[in-house]
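Shown next, in structure tokens, is the structure this report addresses.
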Amino acid sequence: MDVWNLGSVNIDRVYSLDHLVARGETESAYHLEELPGGKGFNQSIALARAGARVHHVGAIGPDGAHLAAMLRRHGVDTAHLATVSEPTGHAIIMVDGDGYNSIVVFAAANGAVGPEAVRAALALAAPGDVLLCQNETSAVAEAMREAKNRGLRVVFNPSPFDPSVGELPLELVDLFVVNENEEAGLLALGGPAAAAARVVTRGEDGCESVAPGREPVRVPAFRVNAVDTTAAGDTFTGYYLAALAAGADEEAALRRASAAAAIAVTRRGAAPSVPDAREVDAFLAAGGALRP
Ligand code: RIB
């Protein structure tokens, strides 16, 4: 089973400060780093580090060649990652002293992904493959329709959650991967989105898989010292799907994904914080303890 990830690629400008800036406030950051990111990019990296076969579908600008190269170094197929004239998408990320963040994204090239390019990519997919998408690129609706016509399983991480989510053909989604806020948004939409299978991450309260016709499966969170929660959800999503692709049962997949996300929050940055499979194996073998 391959994963076709229609996903954003961003240059993250990460500002470390004591507390997140509120309306009308000005705050001095004490550290700035420019790092690879984008929910789609992070999820492709997580899938690849977890051992899955991944095709990244999307768009970057001429300033994003290093990001495409990083995907390729991880074994991600970038044949359908176009280079367009717009600059690569970017994110402004504030991280406070407790590791919590606020993020502003600017789509740029991520908004220039065309339906034709998505259809051309999915024409190479096999029935039973997975289409994964987030809400940071254009052509999501077209991708869902094309994937469904071709017998793919549609997995949607509706992040960032905004009113445009309700305009998508959500009845085509087989599985939502959401955090608590996104789950509330889905339930408020009602209809097929509220009734569909979903995996919900609840931070320190663990995660839960809910599907019609069976009892929910719940896994507690691992306790770690968080320094930056950015991309914890992306790490979780990639590791969860990779574990299912490798034949894990629901509880094992949730546990592995939780372990990977727990390691990620102990590190700074988005994509650079995603652990590799051996680190996750060691963490799980140690019962959720990090090496000193
Ligand atoms: O989920 C974290 C990501 O959200 C960041 O890497 C940023 O680019 C935004 O897309």
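General remarks:
- Estimated inter-spin distance, ALA197 and ASP276, nm [label 7 Å along Cα→Cβ]: 3.1
- Cα Rg over Rh - segment 154-292, Kirkwood: 0.97
- Rg and Dmax [Cα atoms of segment 1-145; Å; Rg one decimal, Dmax integer]: 16.2, 52
- Backbone geometry of segment 158-170 corresponds, through the Karplus equation with coefficients 6.51, -1.76 and 1.60 at θ = phi - 60°, to 3J(HN,Hα) couplings of x, 10, x, 7, 9, x, 5, 4, x, 8, 7, x, 5 Hz, x marking Gly and Pro.
- Loop GluC sites (Glu not before Pro), segment 1-86, which have at most 15 other Cβ atoms in a 10 Å radius of their Cβ (DSSP): GLU25, GLU27
- Distance between the pseudo-spin-label points of THR26 and ASN181 (7 Å out from Cα toward the beta carbon): 2.6 nm.
- Overall form of segment 193-251 per C-alpha gyration tensor (a/c, 1.5; a/b vs b/c): prolate
- The phi torsions of segment 54-60, fed into the Karplus equation with coefficients 6.51, -1.76 and 1.60 and a -60° offset, translate into couplings of 10, 10, 9, 10, x, 8, 10 Hz, rounded to whole numbers, with Gly and Pro shown as x.
- Three-way shape call for segment 82-128 based on the alpha-carbon gyration tensor, with the a/c threshold at 1.5: oblate
- Normalised radius of gyration (Cα atoms, divided by 2.2 N^0.38 Å) for segment 65-211: 1.11.
- Within segment 128-206, the ratio Rg/Rh, alpha carbon atoms throughout and Rh by Kirkwood, equals 0.95.
- Enclosed volume per residue, in Å³, of the convex hull spanned by Cα atoms of segment 45-104: 106
- For the chain: relative contact order, % (alpha-carbon pairs under 8 angstrom, 6 or more apart): 18
- Only alpha carbons enter this Debye calculation for segment 167-209, each as an equal point scatterer, and the log10 of I(q)/I(0) it gives at q = 0.21 Å⁻¹ is -0.62.
- Spin-label model, GLU251 to ALA120: label points 7 Å out along the Cα-to-beta-carbon direction sit 4.7 nm apart.
- Percentage of interatomic Cα-Cα distances in the chain larger than 23 Å: 51
- For segment 1-67, the alpha carbon positions stretch 48, 27, 20 Å along the principal axes, listed from largest to smallest.
Quick note: the coordinates plus some simple rules give every number you see, no bench work behind them. From a predicted model like this one, the values you see are computed outputs, not experimental measurements. Cβ sites come from the backbone with ideal geometry, for glycine too, and all protein chains shown count toward neighbours.
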